[in-house]
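A.B. asks: Encoded as structure tokens, here's the structure I'll be asking about.
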Amino acid sequence: MSEKISTKSAPAAIGPYSQAVKAGGFVFTSGQIALDPATGEIVAGGIAEQAERVMKNLEAVLAAAGTGFDRAVKTTCFLADIGDFAAFNEVYGRYITSSPARSCVAVKDLPKGALVEVEVVAEL
């Protein structure tokens, strides 16, 4: 049986989905963009600032599920511009040090004009 995860420490879902779902010994986060949980708006700045907010949002969702980045087994990263890869990677690498499997792709557009979106699958 699955369990929906929700925390006020991360932005509320902007559609018909959960921040994360626990199932089968794992937590599956929805993709997080750089929304400030207090305002619901994209944080100011470029890729580094947005990546920082994304990772903080994910950290909060994982904590609410009872796990953390150290238990990540797979991440999927979406960049609006592949030219931001190195700057994104620098921020990502400060949060996720366990070397999980990862996909990182450039996409045409992200919600609300975000520069980056990341989702995580982690063990509980």
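The values are calculated or read from the model by the stated rules, or taken from the named source; none is laboratory data. Just so you know, these numbers come straight off a predicted model, no measurement behind them. Counting neighbours? That spans all protein chains shown, and the Cβs are built from the backbone with ideal geometry, glycine included.
A.B. asks: Restrict the check to segment 56-66 and report whether at least one residue is under 17 Å from Q19 (Cβ atoms) and assigned to a loop (DSSP other than H, G, I, E, B).
C.D. replies: First, pick out the residues of segment 56-66 that are under 17 Å from Q19 (Cβ atoms): 56-66.
Retained after the next criterion (residues that are assigned to a loop (DSSP other than H, G, I, E, B)): 66.
There is at least one residue in segment 56-66 that is under 17 Å from Q19 (Cβ atoms) and assigned to a loop (DSSP other than H, G, I, E, B).
A.B. asks: Which of the residues that make up segment 69-98 are of a type outside the set (A, V, I, L, M, F, W, C) and either modelled with pLDDT under 95 or in a loop (DSSP other than H, G, I, E, B) (or both)? Spell out the reasoning first.
C.D. replies: Taking segment 69-98 as the starting set, the residues that turn out to be of a type outside the set (A, V, I, L, M, F, W, C) are 70-71, 74-76, 81, 83-84, 89-90, 92-95, 97-98.
Result: D81, T97, S98.
A.B. asks: Another one. Got a sec? Which of D36, D84, D70 is closer than 13 Å to V120 by Cα and over 11 Å from the mean Cα position of the chain (by Cα)? Steps first, please.
C.D. replies: Values: D36 fails: closer than 13 Å to V120 by Cα; D84 fails: closer than 13 Å to V120 by Cα.
Answer to the selection: D70.
A.B. asks: Quick check: is even one residue across segment 99-111 within 15 Å of the chain's Cα centre (by Cα) and either assigned to a helix (DSSP H, G or I) or modelled with pLDDT under 95 (or both)?
C.D. replies: Yes, there is a match, as at least one residue in segment 99-111 is within 15 Å of the chain's Cα centre (by Cα) and either assigned to a helix (DSSP H, G or I) or modelled with pLDDT under 95 (or both).
A.B. asks: Being surrounded by fewer than 20 Cβ atoms within 10 Å (Cβ to Cβ), in contact (Cβ under 8 Å) with a residue 60 or more places away in the chain, small (G, A, S) and over 23 Å from I5 (Cβ atoms) narrows it down to one of G93, G113, G83, G31, so name that one. Let's see the steps before the verdict.
C.D. replies: Details: G93 fails: in contact (Cβ under 8 Å) with a residue 60 or more places away in the chain; G83 fails: in contact (Cβ under 8 Å) with a residue 60 or more places away in the chain; G31 fails: over 23 Å from I5 (Cβ atoms).
On inspection, the qualifying residue turns out to be G113.
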